[in-house]
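Asker: Submitted below is the structure of interest, expressed as structure tokens.
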There are 2 protein chains.
Amino acid sequence: MASSLISRQFAFSLQKNLRLSAPGCRYVSKAAPRTQVEFDYDGPSMKTSVPGPRSEELTKQLGQIQNVGAINFFCNYEESRGNYLVDVDGNRMLDIYTQISSIPIGYNHPDLLKLMSNPNNLSTLVNRPALGILPPENFPEKLTESLVSVAPSGMTRVQTMACGSCSNENAYKAMFIWYRNKERGHNNPSEEDLSSCIINQSPGCPELSILSFMGGFHGRTMGCLATTHSKAIHKLDVPSFDWPIAPFPRLQYPLEEFTRENAQEEVEDLIVKWRQKGKPVAGVVIEPIQAEGGDNHASSDFFRGLRDIARKHGCAFHVDEVQTGGGTTGKMWAHEHWGLEDPADIVSFSKKLLTGGYYYKDEFQADKAYRIFNTWMGDPSKNLILSEVLNVIRRENLLEEVTRSGKALMNGLFELQAQYPGMLSSARGVGTFCAIDICDDETRNRILNTARDKGILLGGCGDRSIRFRPALVFKEYHVHLFLNIFNDVLAQLK
Amino acid sequence: MASSLISRQFAFSLQKNLRLSAPGCRYVSKAAPRTQVEFDYDGPSMKTSVPGPRSEELTKQLGQIQNVGAINFFCNYEESRGNYLVDVDGNRMLDIYTQISSIPIGYNHPDLLKLMSNPNNLSTLVNRPALGILPPENFPEKLTESLVSVAPSGMTRVQTMACGSCSNENAYKAMFIWYRNKERGHNNPSEEDLSSCIINQSPGCPELSILSFMGGFHGRTMGCLATTHSKAIHKLDVPSFDWPIAPFPRLQYPLEEFTRENAQEEVEDLIVKWRQKGKPVAGVVIEPIQAEGGDNHASSDFFRGLRDIARKHGCAFHVDEVQTGGGTTGKMWAHEHWGLEDPADIVSFSKKLLTGGYYYKDEFQADKAYRIFNTWMGDPSKNLILSEVLNVIRRENLLEEVTRSGKALMNGLFELQAQYPGMLSSARGVGTFCAIDICDDETRNRILNTARDKGILLGGCGDRSIRFRPALVFKEYHVHLFLNIFNDVLAQLK
């Protein structure tokens, strides 16, 4: 029974795994006291190399059914808890990747187990409604206490969707509808609009575009994919749209304040050029930190300027917080760090929010029913869990914890970078949403694999970066534990 | 507590609601004995008009947060059971629409409540994994006992996705990848492929197309939307692709056997024409019955011919079973009625299967990791429920029940059509996946509203059709109950 996980203790694993006698091990003395993580383990514990024999057996089985090229290993989610992911071979790893940044408060959080054990919630689990036509009685209340309660400044409206790609696809549609109604001056489509759109032709299906940024990632369905430019393997062989792509600022880290990136001018040029081409830019979409593309940052000044440019040219401004949202930067939304005077028009989310969706300003609400619509439009069982996740975040002050852990993590990365200058560079981050560059792709992958064999689960991004994506329950204690082992890995590979 | 629902009895509602003295009430004597539906109610019970005051209040509340133009009413899912949907005003309706055809075995099925009460399943509910990289230990087993166990003939491989649109989007991508590798003669993209695809340009993002059918519906994300041609409101203002659209056969009902539709020739012409245009057709996508577009049927001969045409021209053949799949036609997959010799290449699903996804032949497996990929790639908690749903379908012989209920429903519709020739026409269906045309849109909507006020929940489709989409637990008893009330509605409105 899963709830029995909570009471177990693994007191000896820390000593066993930290290799305290390894060279350069400098962080143990700084280890913060371990508090309020009763549902966590004490440290990694490795029994086999990863993937172990049971994982390999299961990968073979699954290979009969689907592509398994990306499978890392199989997990024992029942035994996982807090910051630790346990695999099917009994290996316990400190998880700093958290299912591609999608586990908000760790594995098997006791409050979530309790919530899901409540028989009052059974009906929500077995009767998935068509939310757009027949919502459950508590739907407005659950939305209000979950998504609405953490809405970005200036936004009160929100539409849930099933995943990140669907969220962005529908956000793009909302921007196209808004733009065309603005062009029309009213919301009554012509007969020609209606008859031409059925056969994919303009003016009903107009030649509008979304401006995106080189290195950006916004999902893998065909509309999203036309704005994704991080890796060729995502896009290869899939037809796309001729939409403008602006350069993303290329900064030196640490970021200098008040950097004015030239990229802004290029955005304006592209908006003008695409209007002249007859494919006006309805919206500009950008991530606060390009995650999949390599944890690329830009200055708050750049983003504020971009918001102004979008407004000046009559384009919507869409901030994609699918990876950055949910508290990992120390604020609920990464773009809250920018100090925008005029809020974004659309903010999309998924992953840590457990449901996809997007916030939007009033004027971006589709003017008629069934324009932004699908069968499920989200899942109330996910709203239910999200609601409790947000309670935990508030109750345990997790945004403050993230800020504290993030500082410790950045300090540690700066020190390691100074210690291994040929191997590490460009440590950067906000909250625990951190990354560091490795000298080359091959070394990066050796570091990732060696760290995994020592019980640290990390992910790559971009060409040669490592991204840190811990859950919000990743405390200073875990930072130091990680830095110790990471230091060992680097010492071993240098 | 939800499980207490099971034991309640509502013995008097049948008499109260059937209006036995209404004119033309001919079905009561045929009522089949009510068996094996212990978790069901005895009949509709209406307390207010629909939407009632509580629904209107909640609609107003939700209107502060999102577009509510499509909301019918708010539901009390805790009190709903079997074929009956209960609303927040205490109205109990016989549900023949089932959340846009997405509830497989009725509301609060006791076996599903039992499953979700099992503490062993808690972990699956609170730890949603990134299935493509870190699946749970039981993932191959759950896939095998659920989706693989009901795979269409000739298919052993399946990829889960979060919803119907994502399923079709990824199926299209799989067809594009397959087509381009076939064109190349190998799967090694050129440097030009890789560098051009990042900026949305050919040859990396090639000018390929998917051939679809007028009246078809395949979803609302931008790739899917380019193949959807049922209603203008779905497509208006959203940019699209110049892809070929073939006419769907227009048949008289009842369908004559051996009808050879001209549409086949037009498909071949379009495939040739688009190849000449430099936008070769990588795949042909079609629904076995165009659902959203008006429950349009075609002959098995037409579909078999289409499969041959696709093969002849080197195009993939994709059957979209998102609405038709899951048993509602009396077979698990509607296209199993065609007697295909060579199976389809791709079969996509969602709705009643509770998870999205698609089956595919070996050669449609993407050749490399991360080509068909996203964060969640489905949801193990849905596979878990699906597994039990399939057990119930087998244990309760629900496919046979559907065939039996479907015959009773069709017989009843034929009789009503003969009785109200000016109002009803073209009764058609397979299993309980049935529809009937109404003389005009206005009368259709009056029928839908009047039926709802008498406790029968139905949905429209196409310009003037009513579609019947009951759950698989809709027995002959429910058919006769429905026909009685529907007869009253028609008598009242004629």
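Asker: Hey, any hits in the stretch A:116-129 for a residue that's open to solvent by less than 20 Å² (accessible area, probe 1.4 Å), at pLDDT 95 or above and assigned to a loop (DSSP other than H, G, I, E, B)?
Answerer: yes
Asker: Just checking, which of A:485, A:447 is among the β-branched types (Val, Ile, Thr) and touching a Lys or Arg at 6+ places or on another chain (Cβ under 6 Å)?
Answerer: Details: A:447 fails: touching a Lys or Arg at 6+ places or on another chain (Cβ under 6 Å).
Just one listed residue meets the conditions, A:485.
Asker: Restricting to helices (runs of 4 or more DSSP H) lying wholly in the stretch B:189-273: which have 3 or more residues that are open to solvent by 30 Å² or more (accessible area, probe 1.4 Å)?
Answerer: B:191-197
Asker: Could I ask something else about it? Only residues that are at the interface with chain B (Cβ under 7 Å from one of its Cβ atoms), surrounded by 23 or more Cβ atoms within 10 Å (Cβ to Cβ) and of a type in the set (A, V, I, L, M): list them for the stretch A:135-157, please.
Answerer: Across the stretch A:135-157, the qualifying residue is only A:143.
Asker: Here's a check for you: in the stretch B:130-170, which residue that is part of a loop (DSSP other than H, G, I, E, B) and of a type in the set (S, T, N, Q) is farthest from residue B:335 (Cα to Cα)?
Answerer: Per the stated criteria, the residue is B:138.
Asker: May I ask you to list the residues in the stretch B:114-123 that are within 26 Å of residue A:103 (Cβ to Cβ) and more than 7 Å from chain A (Cβ to nearest Cβ)? Break it down into steps so the answer makes sense when it comes.
Answerer: The first filter runs over the stretch B:114-123 and keeps only residues within 26 Å of residue A:103 (Cβ to Cβ), leaving B:115-123.
Answer for the stretch B:114-123, where residues must be within 26 Å of residue A:103 (Cβ to Cβ) and more than 7 Å from chain A (Cβ to nearest Cβ): B:115, B:118, B:121.
Asker: Which of the residues spanning the stretch A:285-311 are part of a helix (DSSP H, G or I) and farther than 16 Å from residue A:210 by Cα?
Answerer: Correct list: A:300, A:301, A:302, A:303, A:304, A:305, A:308.
Asker: Here is a further query. Name the residue that is least open to solvent (accessible area, probe 1.4 Å), counting only residues in the stretch B:162-188 that are polar (S, T, N, Q) and farther than 26 Å from residue A:372 by Cβ.
Answerer: The selected residue is B:181.
Asker: Only one of (1) modelled with pLDDT of 95 or more; (2) touching a strand residue (DSSP E or B) at 6+ places or on another chain (Cβ under 6 Å) is not met by residue B:88, so which one is it?
Answerer: Residue B:88 satisfies every listed condition except (2).
Asker: Given (1) aliphatic (A, V, I, L, M); (2) assigned to a helix (DSSP H, G or I); (3) open to solvent by 10 Å² or more (accessible area, probe 1.4 Å), where does residue A:58 come up short, assuming only one miss?
Answerer: Among (1) aliphatic (A, V, I, L, M); (2) assigned to a helix (DSSP H, G or I); (3) open to solvent by 10 Å² or more (accessible area, probe 1.4 Å), the lone unmet condition for residue A:58 is (3).
Residues checked against (1) in contact with an Asp or Glu (Cβ under 6 Å, 6 or more places away or on another chain); (2) at negative phi; (3) surrounded by fewer than 24 Cβ atoms within 10 Å (Cβ to Cβ):
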site	(1), (2), (3)
B:453	no, yes, yes
B:462	no, no, yes
B:474	no, yes, no
B:479	no, yes, no
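Asker: For the stretch A:363-414, which residues satisfy the criterion of being open to solvent by less than 10 Å² (accessible area, probe 1.4 Å), under 25 Å from residue A:344 (Cα atoms) and not hydrophobic (A, V, I, L, M, F, W, C)?
Answerer: A:371, A:378, A:383, A:387 - these are the residues of the stretch A:363-414 that are open to solvent by less than 10 Å² (accessible area, probe 1.4 Å), under 25 Å from residue A:344 (Cα atoms) and not hydrophobic (A, V, I, L, M, F, W, C).
Here's the yes/no breakdown for (1) at the interface with chain A (Cβ under 7 Å from one of its Cβ atoms); (2) within 22 Å of residue A:217 (Cα to Cα):
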residue	(1), (2)
B:112	yes, no
B:159	yes, no
B:170	no, yes
B:175	no, no
B:199	yes, yes
B:205	yes, yes
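Asker: Looking at (1) open to solvent by less than 10 Å² (accessible area, probe 1.4 Å); (2) within 14 Å of chain A (Cβ to nearest Cβ), can you tell me which one residue B:295 breaks?
Answerer: Every listed condition holds for residue B:295 apart from (2).
Asker: Another one. Every residue in the stretch A:72-110 that is under 19 Å from the mean Cα position of the chain (by Cα), at positive phi and facing chain B (nearest Cβ under 7 Å), please.
Answerer: A:99, A:100
Asker: Taking the stretch B:331-362 as the region of interest, how many residues are open to solvent by 10 Å² or more (accessible area, probe 1.4 Å), facing chain A (nearest Cβ under 10 Å) and either free of Cβ contacts under 8 Å to residues at least 12 places away in the same chain or in a loop (DSSP other than H, G, I, E, B) (or both)?
Answerer: Adding up the residues that qualify gives 1.
The values are calculated or read from the model by the stated rules, or taken from the named source; none is laboratory data. Given the structure is predicted, the values throughout are model-derived calculations rather than measurements. With ideal geometry, Cβ positions are generated from the backbone for all residues, glycine too; neighbour counts draw on all protein chains shown. Quick note on the areas: whole protein, heavy atoms, side chains included, nothing else; ligands and nucleic acids left out. Shrake-Rupley method; radii C 1.70, N 1.55, O 1.52, S 1.80 Å.
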